Each structure stands twice: as structure tokens, then as C-alpha cells.
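The values are calculated or read from the model by the stated rules, or taken from the named source; none is laboratory data. If you're wondering where the values come from, they're calculated on a predicted model, not measured in any experiment. Glycine gets a Cβ as well: all are built from the backbone with ideal geometry, and neighbour counts include every protein chain shown.
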Amino acid sequence: MVVQIANPVASASYFVKVAGVGRNGLGLTGKYTLAVDFTQVAVAIITVATNTLTAARATDYTTLSVPEAKLFHFILKATTTNTSVASGVRMVVYNASYQIVATLTAEAGTTTSGAIFLNAGTYYIKYEAATKTGAALSNLTYTLHTVVLSDPIDPYAPPDPTNPPPPAPDYTVVPQPDPFYTSLPLIDPWGTPWSP
């Protein structure tokens with residue numbers, strides 16, 4: 001779990017609470033490590049897609065265009081209007097050959113994440129909502145964010161001793177989204193976006 005604060009206020013107090021919170025009200029025990037880094041710029045998180053799935057329309061699609069091979073970190077969040085019914089959403093990533101290259105599942109009220117390296121190309125992301133018991137699905141909203149973890153490898157050049165050292169980074173500026181990543185609008189959201 002990573003918590004970041006963009007543009008923190010000088011001389012302000014921030015508190016971090018660590019607690020064992022299990023499922024069904026049962027606490028968890030175990031060791032943990034807490035690290036704080038005051039030198040890093042906040043990571044820009046890009047929203048890929050968000051929508052509300054219903055019992056009538058429990059499947060959604062997004063097309064993802066990756067012009068350059070990169071390592072992506074996906075963050076999938078699910079919320080529901082009815083917490084008494086155990087539900088969740090599953091994200092399935094298909095490549096241009098319609099092969100599954102990644103899956104990620106989030107139960108309602110939780111956020112899960114995972115990393116995957118995607119080669120340049122077009123990908124189709126399918127979102128499916130369901131309940132654990134087969135009960136009717138209440139409105140379930142999913143949100144998919146991503147962070148690009150890798151950068152293109154540039155040709156190596158030794159440093160020029162005549163150049164002045166680079167200026168100190170301004171840690172109050174949040175970096176802009178990666179220019180090599182694009183997300184396209186929904187395509188055929190209630191049907192299959194490709195021929196099997």
C-alpha cells in the first residue's frame with residue numbers, strides 16, 4: 001500500500017494509522033514496515049476508465065492503445081450502492097489477438113493493483129461485475145487507474161563535465177501524465193468488441 005500527499009503544506013501535521021483490519025470484522029496480526037520518503041515527487045495517476053455496472057448491463061469495454069512498450073501499474077477500485085450483497089468486478093486485458101494477458105479483481109469496497117509489461121499495440125479491457133451468491137447485482141461502480149513505471153531507454157552518453165549540475169527538483173510540482181500512454185473511449189459497451 002502506498003499513500004502519497006501531493007503538494008503538502010509546510011509545517012502541517014499529517015498522521016498515518018496502521019491497523020489490522022481483516023474480513024468479517026476479524027482483525028489480522030503480523031509484522032509490517034512503515035517507510036516515509038520526503039524527497040519524491042507525487043506520482044501522476046491516470047484514470048483509464050470509470051463506469052457503473054448494473055444487473056441489466058454488467059459488462060463494459062475499453063480500448064487501450066500502447067504506442068510504445070512499457071511497464072504499467074493498474075489500480076482497480078470497486079464501490080457499490082448495496083454493501084449487504086458481496087459483489088465485485090473483474091478486469092480482463094486482451095491483446096490484439098484476443099488472448100488474455102492480464103486479469104485483476106476487486107471486491108466492492110476495495111482497491112487492488114498489479115503490474116504488467118505491455119508491448120506496443122492495441123488492447124481490449126473487459127469489465128465484468130457479479131455477486132458471490134448469485135443474488136441480483138446492485139449498481140457497482142468501477143474505476144481503473146494506471147501509472148507508467150518504465151521509461152524508454154535512451155542511448156548512453158557519459159556526462160559532460162563542462163555542463164553545470166542540474167537544478168534541484170521542485171517537489172511541489174506534480175508531473176504530467178505520460179505522453180506515450182493513451183486511452184480511447186468506450187467501444188460497443190454492451191456487446192463484444194471483436195469477433196471470436
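Answer yes or no: is there a residue in the range 121-135 that is aliphatic (A, V, I, L, M), surrounded by fewer than 12 Cβ atoms within 10 Å (Cβ to Cβ) and at pLDDT below 90.
No, the range 121-135 contains no residue that is aliphatic (A, V, I, L, M), surrounded by fewer than 12 Cβ atoms within 10 Å (Cβ to Cβ) and at pLDDT below 90.
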Kindly indicate which of Thr47, Thr33 is surrounded by fewer than 13 Cβ atoms within 10 Å (Cβ to Cβ), in contact with a strand residue (DSSP E or B) (Cβ under 9 Å, 6 or more places away or on another chain) and of a type in the set (Val, Ile, Thr).
Thr47
Enumerate the pairs (first residue in the range 1-15 and part of a loop (DSSP other than H, G, I, E, B); second residue anywhere and of a type in the set (Gly, Ala, Ser) and surrounded by 10 or more Cβ atoms within 10 Å (Cβ to Cβ)) with beta-carbon separation below 6 Å, excluding pairs fewer than 6 apart on the same chain, so at least 6 apart or on different chains.
Gln4/Ala42; Ala6/Ala42
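Report, by residue number, each residue of the range 106-143 that is closer than 15 Å to Thr59 by Cα and either in contact with a Gly (Cβ under 6 Å, 6 or more places away or on another chain) or among the aliphatic types (A, V, I, L, M) (or both). Explain how you work it out, then say what you get.
So the first thing to find is which residues in the range 106-143 are closer than 15 Å to Thr59 by Cα, and the list is 106, 124-131, 136-143.
Selection gives Ala106, Ile125, Ala129, Ala130, Ala136, Leu137, Leu140.
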Search the range 111-136 for residues being more than 15 Å from the chain's Cα centre (by Cα), of a type in the set (Gly, Ala, Ser) and assigned to a strand (DSSP E or B), and hand back the single one that is farthest from Phe74 (Cα to Cα).
Ala130
Determine, yes or no, whether Ser65 is farther than 25 Å from Ala6 by Cα and within 17 Å of the chain's Cα centre (by Cα).
yes
Consider Asn139 against the criteria (1) over 17 Å from the mean Cα position of the chain (by Cα); (2) over 14 Å from Asn51 (Cα atoms); (3) surrounded by fewer than 18 Cβ atoms within 10 Å (Cβ to Cβ): it satisfies all of them except one. Which criterion is unmet?
(2)
Output the residues belonging to the range 80-134 that are farther than 21 Å from Ser150 by Cβ, hydrophobic (A, V, I, L, M, F, W, C) and free of Cβ contacts under 8 Å to residues at least 40 places away in the same chain.
Val92, Ile100, Ala106, Ala108
Filtering the range 20-52 down to residues that are part of a loop (DSSP other than H, G, I, E, B), among the small types (Gly, Ala, Ser) and at pLDDT 75 or above yields Gly30, Ala35, Ala42, Ala44
Give me a count of the residues in the range 63-93 that are in contact with a His (Cβ under 7 Å, 6 or more places away or on another chain) and not hydrophobic (A, V, I, L, M, F, W, C).
0
I need the full set of residues from the range 96-110 which are under 18 Å from Asn51 (Cβ atoms) and not in a strand (DSSP E or B), in order please.
Ala108, Gly109
Taking Phe74 and the conditions (1) surrounded by fewer than 19 Cβ atoms within 10 Å (Cβ to Cβ); (2) touching a residue at least 40 places away in the same chain (Cβ under 8 Å), which numbered condition does it fall short on, given that it satisfies the others?
(1)
